[in-house]
Amino acid sequence: MTAAAALRAGHLKLYADRHRIEITARPRPGCPRCHSEGGWWAGGAFPEMEACGCWSDRRPLRIPLLPEHFTAPWPDKPPF
């Protein structure tokens, strides 16, 4: 609980499951360029989102825990 509050204060997002722990950046609340939206729409008929540098320039931190295709070892011989 305390770690989640500290991550929110630092503009980070925490995701955890049995395979990995991932910490990613979120848009800064006081960013003067994107106004906390994370980017802006650019283009003509088919606009695309341009990400703001306040969060997109930071790489996510991933800590692997278990392999994605984890299978328990199965013995070739019967147990007795």
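Odds and ends about this structure:
- Counted residues, region 14-39 - those being open to solvent by less than 50 Å² (accessible area, probe 1.4 Å) and under 18 Å from Arg59 (Cα atoms): 7
- Filtering region 30-80 to residues that are at pLDDT 85 or above, on the phi > 0 side of the Ramachandran plot and either part of a loop (DSSP other than H, G, I, E, B) or of a type in the set (A, V, I, L, M, F, W, C) (or both) leaves His35, Ser36, Gly38.
The values are calculated or read from the model by the stated rules, or taken from the named source; none is laboratory data. All values derive from a computational prediction rather than experimental measurement. The area values use the complete protein model at the heavy-atom level, side chains included, leaving out ligands, DNA and RNA. Shrake-Rupley method; radii C 1.70, N 1.55, O 1.52, S 1.80 Å.
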